[in-house]
Structures are given as C-alpha cells and as structure tokens.
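Q: Just dropping this structure here.
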Amino acid sequence: MKKILILFAHPAYQKSRINKKLIHGVSEIENVTFHDLYERYPELDIDVKFEQNLLLEHDVIIFQHPFFWYSTPAILKEWQDLVLEHGWAYGRNGLALKGKVFFNAITTGGKKEAYSSDGFHGCTVRQLLLPIEKTAKLCRMQYLPPFVVHGTHAIDPQQTQIYNSLYIEILEKIRDDKMDLQAAQELQYLNDYPLKKENDNE
Ligand SMILES: Cc1cc2nc3c(=O)[nH]c(=O)nc-3n(C[C@H](O)[C@H](O)[C@H](O)COP(=O)(O)O)c2cc1C
C-alpha cells in the first residue's frame, strides 16, 4: 500500500465552497495524510525539516489547491523554494524524492472548454502546470496529470459530491497500486483514468 500526502493550500478556506467539499472524508482514508499548509503556517514560516521528513514518509505527493492566477496559492511556491533543497530533492546527490508519484488536485473558476487551444485561455491546465511538472521531474518524481474540478462558480452541491467520490476513488486506486502510472501519464486529466469496479478482475 502506498502512503499519500496531500499538501493542501487555500488562503481563504472559510470562503471555500468546492475544496471544502472535495476534501470531505479524505483525511479518514487509510494511509492518507492531510496537511493544511495555511493552517500550519499562517505566517508562511515553513518548517523545512518537518516538511522534508513528511515527504520521506510518503510515496505519493499531491498539491491540492484552487487555481490562482494560472498557478498555485503563494504558500506552495514558498514551500517549493524552501523544502526542495539542492542535494536533497535535486542535483547529483539529491535523491530523496526519487520514484515518488506527484500530481495536482485543482479547482478552477474557468470552465473546461475555456482551457483548450481554441478556448478563452488558449491552453490547457496541464500546459499551464509545466513549471510544476518540470520541478517534479527534476526531483525524479513520476508526474501525473492534474485532477481538476472546472467551473466552480456554476457547480451545484450534487456535482460536488460526485467529484468528491471520484477524488476518493482515484486516491484509493493509487494507494492500492491499482493504477497503471504510465497510462495515466498520457492523460490530460487524472479524472479520465478508467475506474473499474472491485469485481472487474483487475
Ligand atoms: C486570487 C484569485 C485568482 C484566481 N485565478 C484563477 C485563474 O487563474 N483561473 C481560474 O480558472 N480561476 C481562478 N480563480 C477562481 C478560483 O480558482 C475559484 O474561485 C476556486 O477554485 C474555487 O474553489 P473554492 O470554492 O474552494 O474556493 C481565482 C480566484 C482568486 C480569488
């Protein structure tokens, strides 16, 4: 069984509609650690050693956050700048994260069709995440496409519940080593990974 670490970042959690619903029940899943960065570090004074040890204890690392200015909330940038040290996370002897799985779990105000080459934003979410993909790969991690909830302003509670269930199913699939990571890497969205039922004889 893989151990999953969710690094959660929402600077205005009290105002959150979608992330709040998306994480429902997640911290109770076996082998999942839910770590709220803004709650732990309201002044952004990140404890680098603590974060590095947490990473070492897990096999799958997830950045979960709302999409802000085509990127992450600020604390996740600060976290990358401080925690991913040369000689530890990258560089010739920086092998601490080698082989771990990484992906983003994102909510966006923009609709799915707006994130395409001929849509409003002119490119995909996966393309916009390229700096994070390159960072993960520099740290020798296995990068997977993002899990995305689009069009957050227009989502009703029932749809949110469906996304919550899908997210949990995907987390359990990765945790139980039942995801073909190479096949998953080719997708635009982790949401699209085919999920079979338990009795489908995987
Ligand atoms: C500062 C800020 C920047 C944002 N930037 C983007 C953006 O670049 N693209 C986008 O689709 N939505 C953007 N949004 C909308 C948020 O992604 C959306 O409100 C959020 O995902 C909803 O999740 P929540 O209910 O958990 O807050 C932005 C919102 C804020 C407040």
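Q: Dipole of the chain (Lys/Arg Cβ +1, Asp/Glu Cβ -1, origin at the Cα centre): which of Gln14, Thr108, Val48 lies farthest to the positive side?
A: Farthest along the dipole direction, towards plus: Thr108.
Q: Arranged by the count of other C-beta atoms within 10 angstrom, fewest first, what order do Thr107, Thr124 take?
A: Listed from fewest to most nearby Cβ atoms, that is Thr124, Thr107.
Q: Which one, Leu195, Tyr90, His121, projects farthest toward the positive side of the charge dipole computed for the chain from Cβ point charges (K/R +1, D/E -1)?
A: Sorting the options by dipole projection puts first His121.
Q: Along the Cα-to-C-beta direction of Lys98, a point sits 7 Å from the Cα; which residues of the range 1-19 have their amide N less than 13 Å from that point?
A: none
Q: Can you work out the FRET efficiency for the pair Leu56 and Gln158, with r the C-beta to C-beta distance and R0 = 45 Å, to the nearest 0.05?
A: Once rounded, the FRET efficiency stands at 0.70.
Q: Please order Phe50, Phe67, Phe103 by the number of other Cβ within 10 Å, starting at the fewest.
A: Neighbour counts put them in this order, fewest first: Phe50, Phe67, Phe103.
Q: How long are the three semi-axes of the equivalent ellipsoid of the range 4-200, in whole Å, if each is the root of 5 times an eigenvalue of the C-alpha gyration tensor, listed from largest down?
A: Calculated on Cα positions only, the semi-axes equal 24, 20, 18 Å.
Q: I would also like to ask the following. Taking other Cβ within 10 Å of each residue's Cβ, how do Lys98, Lys111 sort, fewest first?
A: So the residues, fewest neighbours to most, are Lys98, Lys111.
Q: Another question, then. Counting Lys and Arg as +1 and Asp and Glu as -1, what is the net charge of the other residues whose Cβ lies under 12 Å from the Cβ of Ile62?
A: In short, +3.
Q: Taking the Cα centre of the chain as the origin and placing charges on Cβ (Lys, Arg +1; Asp, Glu -1), which of Phe67, Phe34, Leu181 is farthest toward the positive end of the dipole?
A: Farthest towards the positive pole: Phe67.
Q: With +1 assigned to the C-beta of every Lys and Arg and -1 to the C-beta of every Asp and Glu, and no other charges, what is the dipole magnitude of the range 63-201 about the Cα centre in debye, to the nearest 20?
A: About 400 debye.
Q: Obtain the nm distance between the two label points defined at Glu169 and Ser27 by a simple spin-label model: each point lies 7 Å from its Cα along the Cα-to-C-beta direction.
A: About 2.6 nm, to one decimal.
Q: Using the Cα centre as the reference, give the magnitude of the dipole from point charges on the C-beta atoms of the range 1-113 (Lys, Arg: +1; Asp, Glu: -1; all else neutral), rounded to the nearest 20 debye.
A: The calculation lands at about 500 debye.
Q: Further, regarding this structure: Would you grab the residues whose amide H sits under 5 Å from the one on Phe8? Only those 5+ places off in sequence or on another chain, please, with H modelled 1.01 Å from N.
A: Answer set, sorted by chain and number: His35, Asp36, Leu37, Gln64.
Q: Amide H neighbours of Lys2 under 5 Å, counting only residues 5+ apart in sequence or on other chains, H built in-plane at 1.01 Å?
A: Placed amide hydrogens put Asp176, Asp177 under 5 Å from Lys2.
Throughout, read-outs are computed from the coordinates displayed, never taken from laboratory work. Every value quoted in this text rests on a predicted model; they were computed, and no experiment measured them. Reconstructed Cβ throughout: ideal geometry from the backbone, glycine too, with neighbour counts over all protein chains shown.
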